[in-house]
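Asks: This structure is in structure tokens; I'll ask about it shortly.
The values are calculated or read from the model by the stated rules, or taken from the named source; none is laboratory data. None of these values were measured; they are calculated from a predicted model. As a convention, Cβ positions derive from the backbone with ideal geometry for all residues, glycine included, and neighbour counts pool all protein chains shown. Surface accessibility is based on the protein's heavy atoms, side chains included, excluding ligands, DNA and RNA. Shrake-Rupley method; radii C 1.70, N 1.55, O 1.52, S 1.80 Å.
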Amino acid sequence: MNTYLEKAKVLIEALPYIQRFNRKIIVVKYGGSAMVDEELKRSVIQDVTLLKLVGFKPIIVHGGGKEISRWVSKVGMEPKFINGLRVTDKETMEIAEMVLGKVGKSLVQLVEGLGVKAVSLSGKDGGLLKVEKKYSKGEDIGFVGEITDVDPQILYDLLEKDFLPIVCPVGLDKDFNTYNINADDAACAIARAVNAEKLAFLTDIEGVRRDPEDPKSLISELHVKEARELIANGNIGGGMLPKLNNCIDAIENGVSRVHILDGRIAHCLLLEIFTNKGIGTAILGEGEENYYDGK
Ligand SMILES: NC(=[NH2+])NCCC[C@H](N)C(=O)O
């Protein structure tokens, strides 16, 4: 096939997806290596901006990457751990909130640079994320919150005005104290609350593996039922387990498809969303077939 035709084929493969996801909400959990490496960062932002410009409604939910730890040690604080979890005392929470705010604005800057209007906010804004204090095996780990309620109105308002919302996982409890939230949990809760068409996690692994030790055992499509079986049989590694549980939770609560993608691959979002085969793991609801037969 001549190369012009080949290029055209790549573009036309995207057509059914552009049609299908037009005006649909796609929540992207942005974290891991893709946040640290400048090249990758640019590629993620280009992808999300492109999704916006072809008519989807992306929402970014981001973590702080390694930036929070970096700033904690920069100000000379000793990180404290309980059960392997960092304790978020008042000072740590203050730094986390500052760093997350700064990360959000740096993403806004990149998106604006590509000609799309973006707004960064935290779960405090507009009462977006309400939390209660979370304990780890009964131990107090400080200002770490579990989401109890989501009010997505602020996101709808921003989307309606054509802004790209960029959310950091900080929320308030019933007494209006500030808490840090796990970014995966925040992305999942937001995707559920807005009935997102898609939720995509950018991670540091190719996707879900059939054998946790074998990088070549990537599962391209996984139905929730099979995902539950893999978990029950102990076939899901420690880091993937909470993610996969989040994926199942999202699918069971109205999100059509969840994607676990390798954020270390440049343009993983475009490769997943605009091709038939994708590059990561797509998790589908019961009885759902692939949309297209790949022809
Ligand atoms: N890992 C996979 N098998 N992905 C398939 C993706 C299909 C389609 N592009 C979608 O976004 O839904």
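Asks: Pop a pseudo-label 7 angstrom from the Cα along the beta-carbon direction at both residue 286 and residue 137 and give the gap in nm to one decimal.
Replies: It works out to 3.5 nm between the two label points.
Asks: If you put +1 on each Lys and Arg Cβ and -1 on each Asp and Glu Cβ, how big is the dipole of region 200-290 around its Cα centre, in Debye rounded to 20?
Replies: Around 160 debye, computed over region 200-290.
Asks: Comparing 33, 73, 106, which has the greatest mean-square fluctuation in the GNM of the chain with Cα pairs linked when under 10 Å apart?
Replies: 73
Asks: Next up: Can you give me the solvent accessible area of residue 77 with a 1.4 Å probe, rounded to the nearest 10 Å²?
Replies: Only protein atoms counted, so the area is about 50 Å².
Asks: Can you give the angle from 0 to 90° between the axis of helix 90-113 and the longest principal axis of the chain, with both taken from C-alpha atoms, to the nearest 10?
Replies: With both axes taken from Cα atoms, the answer is about 30 degrees.
Asks: What does the convex hull of the alpha-carbon atoms of region 31-118 project to on average, in nm²?
Replies: Mean shadow area of the hull around the Cα atoms is 6.6 nm².
Asks: To the nearest Å, what is the center-to-center distance of region 72-102 and region 177-229, using C-alpha atoms only?
Replies: What the calculation gives is 25 Å, centre to centre.
Asks: For region 1-33, which trypsin sites (Lys or Arg not before Pro) pass both filters: DSSP loop (anything but H, G, I, E, B) and at most 10 other C-beta atoms within 10 Å?
Replies: 23
Asks: Going down the list 134/243; 9/29; 105/198; 102/161; 52/225, which pairs span over 26 Å between their C-alpha atoms?
Replies: Table pairs above 26 Å Cα-Cα are 9/29; 52/225.
Asks: Using just the helices of the chain, give the 222 nm mean residue ellipticity in deg cm²/dmol: DSSP H runs with n ≥ 4 each add -39,500 (n - 2.57), and the total is spread over all residues, rounded to 500.
Replies: -11500 deg cm²/dmol
Asks: Further question on the same structure: Please build a GNM for the chain, connecting alpha carbons under 10 Å apart, and tell me which residue among 85, 110, 40 fluctuates the most.
Replies: Largest GNM mean-square fluctuation: 85.
Asks: In whole Hz, with x marking every Gly and Pro, tabulate ³J(HN,Hα) for region 21-33 from phi via Karplus 6.51 cos²θ - 1.76 cosθ + 1.60, θ = phi - 60°.
Replies: 9, 4, 6, 9, 7, 10, 8, 10, 8, 9, x, x, 4
Asks: If Lys and Arg each add +1 and Asp and Glu each add -1, what is the summed charge of the other residues whose beta carbon sits under 10 Å from the beta carbon of residue 249?
Replies: Surrounding charge for residue 249 is -1.
Asks: With a 1.4 Å probe and every protein chain kept in, tell me what percent of the accessible surface of region 200-290 is carbon plus sulfur.
Replies: It is 52 percent, rounded to a whole number.
Asks: Can you give me the Rg/Rh ratio for the chain, using Cα atoms for both radii and the Kirkwood formula for Rh?
Replies: 0.97
Asks: At 1.4 Å probe size, with every protein chain present, just tell me what the per residue accessible area of region 38-135 comes to in Å².
Replies: Accessible surface, normalised per residue, equals 50 Å².
Asks: Right, here's the next one. Taking only protein heavy atoms into account and a 1.4 Å probe, give the accessible area per residue of region 200-290 in Å².
Replies: I get 43 Å² per residue for region 200-290.
Asks: Also: What longest region of the chain stays clear of GluC sites (Glu not before Pro) that DSSP places outside H, G, I, E and B and that have at most 13 other Cβ atoms within 10 Å?
Replies: Value returned for the longest uninterrupted segment is 1-212.
Asks: Averaging sequence separations of C-alpha pairs under 8 Å and six or more residues apart, then dividing by the length of the chain, give the relative contact order as a whole percent.
Replies: 21
Asks: Please sort by residue number the chymotrypsin sites (Phe, Trp or Tyr not before Pro) in region 122-205 whose DSSP state is loop and whose Cβ has at most 16 other Cβ atoms within 10 Å.
Replies: Here the chymotrypsin sites (Phe, Trp or Tyr not before Pro) that fit, given the DSSP loop and packing criteria, are 176.
Asks: Using the Cα centre of the chain as origin and beta-carbon charges of +1 (Lys, Arg) and -1 (Asp, Glu), tell me which of 69, 281, 163 is placed farthest towards the positive end of the dipole.
Replies: 163
Asks: Mind telling me which of 101, 76, 237 comes out most flexible in a GNM of the chain, alpha-carbon contacts under 10 Å?
Replies: Judging by the Gaussian network model, the answer is 76.
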